[in-house]
Amino acid sequence: MRRARALAGACVAVAWLAIAAVAAVWLARDHRPPEWDYANHLERVVHCAQDLARADLTTVLRRSSFYPPAVPCTAAIVYRLAPSDVGAAQVVILGFLALGMAATCSIARRLAGETAGVVAAALFGSAPFVVELTLRFQLDVPLAALVALMLAVALKTEGFRRPGWSLAAGVVFGLGMLTKPPFPVYVLAPLALLAWQGRSRRGLVNVALASVVAAAIALPWYGPRLIGLPLQVANRSYRQANEAGLPEPFTSTALAYYPVNLVPQFGAVAAALLVLGLAVAVARRSWFVLAALAPWVLFFVIQNKNLRYTVPLLPAAAVTAAMGFAALPRWGRAAVAVVMVAVAAVQVGMTTFARPAHAHVPGLGVPLAFATPPLPERWPHREILDLITRDSGGGPVTVSVVPNAMYFSAANFRYYGLRDGRAVKVARAWDGEPIGIDYMIVKTGEQGPAWTAGKPRRIDERLATDAPLARAYPVIGLFPLPDGSTAAVRARRVGARLEAGVGDVAPDALARALEEAVRQRLPEVARDVDGLAVRVEGDAAIARGEVRRLEIAAVSATIGELKRRDTTPLRLHDLRVVLEGLLVNPYSLAGGRFDPLDMRVFRLEQATITENDLRAFVQGQKGFQGASLRLDGDAVDVRLPAPGLTITARARFAARRDDLFGLVAERVAVGGVPVPHVLVDWVVRNFDPSVPLAQRLPVRVEIGRIAVVPGAIRITWEPGRAEEGRR
């Protein structure tokens, strides 16, 4: 028995080593930039390494609103021991693959014998889509590994009758939650089945202890996100699917997605054995295995389809397939084993190096595996950032990466900038005007997915047709890209970087032209304006686009992004706005057009908002349609219906140095239950607009003192308290 188990373990180790060796060769030859989520996860590795170096666990827990820190911070620890972020990340992914294969082997061995354990581990590890994901630092392989480990440990609890293994199950559940939020979806059904099968007073106590342990591990990260996270999950399941144009859940195309792609996801032999294993599991009433596969039904009804979502179900599928293998006669097992090894080699080769190149599943029109051969061509991200660093003198700059292409987007530029320690803030494609943008990176050809490509194309068109804008942002570098397109770096050349002015127009005439140009553009952000006054303060530098101060005042106005249909404007009274250190495009100003490019500070010095206007504005915001509010004394009483509960609170405005304004909440209740003071931030942070708004603003913004007065909110500016409300 011991010898057989050792031999089985050796076989699983050999299978893992073979996959790891192929992955190492692939990684050595591939030089593509990390795409989208992959770049974001690698960026978090670097951030977590920096946070851990400062022993700043609070920031570690605050970093992401959706992705927990376990996997990136594990890679960060390896990264600190061996400084290679990509290398550390791939070591971690391969480690999780080994864990997943070992756990899958343990489950199958317990249910169908030693040989079945080896088969299950090999089927999971060599599954084409698992191999593909092993080449990228994504969370899906770690999630699948934790799901497999959870199932293996759960079996050892024997219906939660064994306290030691039950506590271990609580630990694994907590770690699974810190891997990715959907973790419970994959394990709750089999865990509930085991708890039911072993129901007893001892079992109930052990389940409770395991739950306490899991909560203690997961709650520090999930606690502040408990209210906001369900909405994010819903957005990823349906709203983003609608944006991408995916079919409705119960259409034939949607329902066929996972069955049709089972072979390129799981493997040809594995898919055939899975069908046989399902029949065996039903005949033997192996409810645990069937419960572990049950979540597959959920993904059929979710509109957002992606093979990554069902990868955590592949360990259970591999166990089921191994049960089918074990049910074969001896000669059948020998023949299938030979075929399985051969097909696994083909699948791994096709996935990693597209060899063979054209192998398809008969009748389904899908490949045997999705080929992702290495791309040896290097993309010039570092060269582009080097150019910007040289041109800027190494100072802090904001760079807009206009395209959102897979290998050329804000995500991978942001990651490279952070990794190399550059003083570069990377932004996506700009809206309206390039305010606060020092450099633009554009490219020809592909701009990204259809649902994001519209904005880059509009910017390209404007640069081609708007001569003053193109002149303000001349091209300082061209870079050929491996996809056959060309990237261009544009640098802002106005203000201090403009050696001469725009002509012989007198500063006073330019100031008057600016006042009139502001009035002409005001309807884009304001309507129903009464008592408008515009005043410009400047000197000869206005010929280079530098304006010392621009003041806009009105008796009343309705303001907002009026060009957009999905926004609600706000009515203001006694309004005064000041723009200091304003930088405008001097080339368009000479033609009578106001194009702001930057400013030192945007200050809302004075405004009054009536209670009715504020209520209408808040109820027009997404997620606040059913909200109600009432001004009472020096505070605002808020009632916000949320899915399944209602949140009430009393809020006061407070000055904060780092935000636009602060909200101090008290008397917070969720579903009528008062929230303890120490947990108030867990609720309020999901609805406080000040922090996310401040993070999105391209320039520094100051707001005067906010006070609640009878029937209104009033903003007044006190020059001596300029640090309050400052960002």
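The values are calculated or read from the model by the stated rules, or taken from the named source; none is laboratory data. Just so you know, these numbers come straight off a predicted model, no measurement behind them. Cβ coordinates were reconstructed from backbone atoms using ideal geometry, including for glycine residues, and neighbour counts include every protein chain displayed.
For region 581-592, the condition holds for at least one residue, the condition being that it is assigned by TED's automatic domain parsing to the domain that holds residue 684, touching a Lys or Arg at 6+ places or on another chain (Cβ under 7 Å), at pLDDT 90 or above and surrounded by fewer than 18 Cβ atoms within 10 Å (Cβ to Cβ).
Looking across 159, 164, 113, one residue alone is touching a Leu at 6+ places or on another chain (Cβ under 8 Å) and closer than 27 Å to residue 8 by Cβ. It is 159. Every condition in (1) within 25 Å of residue 508 (Cβ to Cβ); (2) without any contact (Cβ under 8 Å) to a residue 24 or more places away in the chain holds for residue 544 except the one numbered (2). Please specify each residue of region 390-430 satisfying the condition of being without any contact (Cβ under 8 Å) to a residue 12 or more places away in the chain and in contact with an Asp or Glu (Cβ under 8 Å, 6 or more places away or on another chain). Listed by number, the list is empty, since nothing qualifies. Is it the case that some residue within region 362-369 is crowded, with 17+ Cβ neighbours inside 10 Å, over 25 Å from residue 473 (Cβ atoms) and either among the hydrophobic types (A, V, I, L, M, F, W, C) or at pLDDT 95 or above (or both)? Among the residues of region 362-369, at least one is crowded, with 17+ Cβ neighbours inside 10 Å, over 25 Å from residue 473 (Cβ atoms) and either among the hydrophobic types (A, V, I, L, M, F, W, C) or at pLDDT 95 or above (or both), which makes the answer yes. Give the residue that is surrounded by the most Cβ atoms within 10 Å (Cβ to Cβ), with candidates limited to residues of region 635-665 that are modelled with pLDDT under 85 and of a type in the set (Asp, Glu). Ranking the candidates gives 659 first. Could you look through region 270-324, keep only residues that are within 35 Å of the chain's Cα centre (by Cα), more than 17 Å from residue 106 (Cα to Cα) and of a type in the set (Val, Ile, Thr), and pick out the one that is surrounded by the fewest Cβ atoms within 10 Å (Cβ to Cβ)? Looking at residues that are within 35 Å of the chain's Cα centre (by Cα), more than 17 Å from residue 106 (Cα to Cα) and of a type in the set (Val, Ile, Thr), I get 297. Within region 610-623, the residues that satisfy the criterion of being touching a residue at least 60 places away in the same chain (Cβ under 8 Å) and more than 17 Å from residue 689 (Cα to Cα) are 610, 611.
Residue pairs whose Cβ atoms lie under 8 Å apart, sitting 6 or more positions apart in sequence or on different chains, and linking a residue in region 96-113 that is outside any helix (DSSP H, G or I) to a partner that is of a type outside the set (D, E, K, R), are 113/326.
Of the residues that sit in region 166-194 and are among the β-branched types (Val, Ile, Thr) and within 23 Å of the chain's Cα centre (by Cα), which one is surrounded by the fewest Cβ atoms within 10 Å (Cβ to Cβ)?
185
Specify the residue that is modelled with the lowest pLDDT; the eligible residues are those in region 473-513 that are among the basic types (Lys, Arg), closer than 27 Å to residue 430 by Cα and surrounded by fewer than 19 Cβ atoms within 10 Å (Cβ to Cβ). The selected residue is 497.
Residues that are outside any loop (DSSP other than H, G, I, E, B) and among the small types (Gly, Ala, Ser) were ranked within region 591-627; the one that is nearest to residue 576 (Cα to Cα) is 607. Residues considered: 75, 39, 6. Of these, the only one that is at pLDDT below 90 and not in a loop (DSSP other than H, G, I, E, B) is 6.
All conditions but one from (1) crowded, with 18+ Cβ neighbours inside 10 Å; (2) under 20 Å from residue 145 (Cα atoms) apply to residue 254; the one that does not is (2).
Note on region 391-409: among residues that are hydrophobic (A, V, I, L, M, F, W, C) and over 26 Å from residue 588 (Cβ atoms), the one that is surrounded by the most Cβ atoms within 10 Å (Cβ to Cβ) is 408.
Scanning region 169-228 for residues that are of a type in the set (D, E, K, R) and either touching a helix residue (DSSP H, G or I) at 6+ places or on another chain (Cβ under 6 Å) or in the same structural domain as residue 681 (by TED's automatic domain parsing) (or both) gives a single hit, 180. Going by what's in this entry, would residue 556 be described as outside the structural domain of residue 462 (by TED's automatic domain parsing), farther than 30 Å from residue 493 by Cβ and at pLDDT 90 or above? So residue 556 passes the test. Kindly establish whether residue 268 is modelled with pLDDT of 80 or more, within 26 Å of residue 371 (Cβ to Cβ) and assigned by TED's automatic domain parsing to the domain that holds residue 360. It is true that residue 268 is modelled with pLDDT of 80 or more, within 26 Å of residue 371 (Cβ to Cβ) and assigned by TED's automatic domain parsing to the domain that holds residue 360. The set of residues from region 456-479 being under 23 Å from residue 379 (Cα atoms) and touching a residue at least 12 places away in the same chain (Cβ under 8 Å) comprises 456, 459, 460, 474, 475, 476, 477, 479.
Of everything listed in (1) outside any helix (DSSP H, G or I); (2) at pLDDT below 80, the single unmet condition for residue 668 is (2). Inclusion of residue 237 among residues that are in the same structural domain as residue 119 (by TED's automatic domain parsing), at pLDDT below 80 and either of a type in the set (Asp, Glu) or more than 23 Å from residue 120 (Cβ to Cβ) (or both) is not warranted. In region 149-196, the qualifying residues are those that are among the basic types (Lys, Arg) and touching a Lys or Arg at 6+ places or on another chain (Cβ under 8 Å), and the one that is nearest to residue 41 (Cα to Cα) is 156.
Restricting region 78-110 to residues that are more than 28 Å from residue 156 (Cβ to Cβ) and crowded, with 24+ Cβ neighbours inside 10 Å leaves a set whose member that is modelled with the lowest pLDDT is 79. Looking across 454, 477, one residue alone is farther than 19 Å from residue 391 by Cα, assigned by TED's automatic domain parsing to the domain that holds residue 397 and of a type in the set (Gly, Ala, Ser). It is 454. Of the residues making up region 700-711, those that are of a type in the set (A, V, I, L, M, F, W, C) and surrounded by fewer than 17 Cβ atoms within 10 Å (Cβ to Cβ) are 707, 709. No other residue among 117, 159 is part of a helix (DSSP H, G or I) and assigned by TED's automatic domain parsing to the domain that holds residue 320 apart from 117.
Of 60, 71, which residue is over 21 Å from residue 141 (Cβ atoms) and surrounded by 14 or more Cβ atoms within 10 Å (Cβ to Cβ)? Can you show your working first?
Working: 71 fails: over 21 Å from residue 141 (Cβ atoms).
So the residue among 60, 71 that is over 21 Å from residue 141 (Cβ atoms) and surrounded by 14 or more Cβ atoms within 10 Å (Cβ to Cβ) is 60.
Given the criteria surrounded by 18 or more Cβ atoms within 10 Å (Cβ to Cβ), charged (D, E, K, R) and under 30 Å from residue 471 (Cα atoms), does residue 613 qualify? Against the criterion (surrounded by 18 or more Cβ atoms within 10 Å (Cβ to Cβ), charged (D, E, K, R) and under 30 Å from residue 471 (Cα atoms)), residue 613 does not qualify.
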